[in-house]
1. Take the alpha carbon atoms of the range 135-150, find their center, do the same for the range 25-51, and report the distance between the two centers in whole angstrom.
2. Mean-square fluctuation check for the chain, GNM, Cα pairs under 10 Å: which of Thr124, Thr52, Thr143 is largest?
3. Only loop residues by DSSP count here, and only those with at most 14 other Cβ atoms within 10 Å; note down the trypsin sites (Lys or Arg not before Pro) in the range 146-249 that meet that.
4. In whole Hz, what ³J(HN,Hα) sequence does the range 170-183 give by Karplus (6.51, -1.76, 1.60; θ = phi - 60°), x for Gly and Pro?
5. Can you tell me the relative contact order of the range 119-249? Whole percent, Cα pairs under 8 Å, sequence separation 6 or more.
6. Rolling a 1.4 Å sphere over the protein heavy atoms, what is the accessible area per residue of the range 89-212, to the nearest Å²?
7. Give or take rounding to whole Å, what are the principal axis extents of the alpha carbon atoms in the range 1-148, in descending order?
8. Find, to one decimal place in angstroms, the Kirkwood hydrodynamic radius of the range 50-125, where the mean of 1/r is taken over every pair of different Cα atoms and then inverted.
Amino acid sequence: KTSVKASISKRGAFLIESFLMIANNLIYLSMWWIFFNKFQDIRGWNLTDMITLQTVGVGAYGLMQICFGGVRNLSKTIVSSDLDPFLTQPKNILLHIMGAKSFSKGWGHLLTCVILIILGNLATLETLPLLILSIFSGCCVFTSIHIIGHSLPFWMGSIENLSKKYCDILFLFVLYPSNIYSGLLQIVMFTLIPAGVITYLPVQLIRNFSYLQLFVLLISSLGFSIVAWFVFYSGLKNYESGNRFGIRD
């Protein structure tokens with residue numbers, strides 16, 4: 001709550017960042033609109049499916065930036081031995097780190113999500129609950145991958161840039177339909193870079209609902225969350241204190 005308040009305290013910067021995010025996302029969507037004016041579909045996917053994909057993708061990413069932005073600085077915190085103040089707190093260490101930072105640009109992504117729901121006529125009784133569930137699920141996967149990627153310095157030392165690039169690549173692939181890939185690359189899209197879990201599964205679920213697909217989506221999100229928790233706390237055993245003292249709210 002404190003992090004969110006801090007991120008929106010500077011009204012001017014908050015509004016500019018949010019507007020730029022909305023503009024960037026809508027420009028990206030306009031490229032797909034031009035594409036589908038020339039070609040009817042991509043392996044059965046149409047413009048509405050792409051709007052659904054982007055709604056879930058930017059919504060999940062925006063929610064992560066707002067609520068769990070601290071994961072983006074985790075590798076830097078580990079390398080600089082700044083975990084010490086968190087270790088002295090009675091709260092859950094990982095949750096405390098995740099909530100220690102909030103990025104105002106995440107609100108731009110969420111506002112884009114609302115605009116896309118209106119443009120795609122997705123606010124129906126059948127679709128809207130699945131969209132909301134998919135956004136929360138995608139947020140869990142985004143956060144989990146950031147935790148995994150930014151926990152690598154526990155074992156590999158100062159590789160903040162590599163961790164950041166790995167997490168950024170995920171957001172890049174999330175905005176493309178995973179069904180355009182095949183073979184080994186498609187397996188990667190559901191494991192090492194789980195873009196398919198974040199957006200492909202929700203789109204398929206909304207296109208043709210089934211309880212099996214819903215179960216796969218939820219169990220996948222839970223699975224990545226468990227792996228992230230395990231990786232972080234396994235790495236924490238290797239953490240070397242920098243002997244720094246401080247107080248965290």
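1. Cα centres, the range 135-150 to the range 25-51: 26 Å.
2. The residue that fluctuates most here is Thr124.
3. Values: sites: Lys164, Lys165, Arg207, Lys237, Arg244, Arg248; in loops: Lys237, Arg244, Arg248.
Those that pass, being in a loop and sparsely packed, are Lys237, Arg244, Arg248.
4. 4, 4, 4, 6, 4, 7, 10, x, 5, 6, 7, 9, 8, x
5. Numbers: 103 pairs, mean separation 46.5, N = 131.
It comes to 35 percent, rounded to a whole number.
6. On the way: 5860 Å² over 124 residues.
Accessible area per residue: 47 Å².
7. 57, 33, 31
8. Working: mean 1/r = 0.0720 Å⁻¹.
It works out to 13.9 Å.
The values are calculated or read from the model by the stated rules, or taken from the named source; none is laboratory data. Not measured: the values here are computed from a predicted model. Please note: Cβ atoms are built from the backbone with ideal geometry, for glycine as well, and neighbour counts cover all protein chains shown. All accessible areas refer to the heavy atoms of the entire protein, side chains included, with ligands and DNA or RNA removed. Shrake-Rupley method; radii C 1.70, N 1.55, O 1.52, S 1.80 Å.
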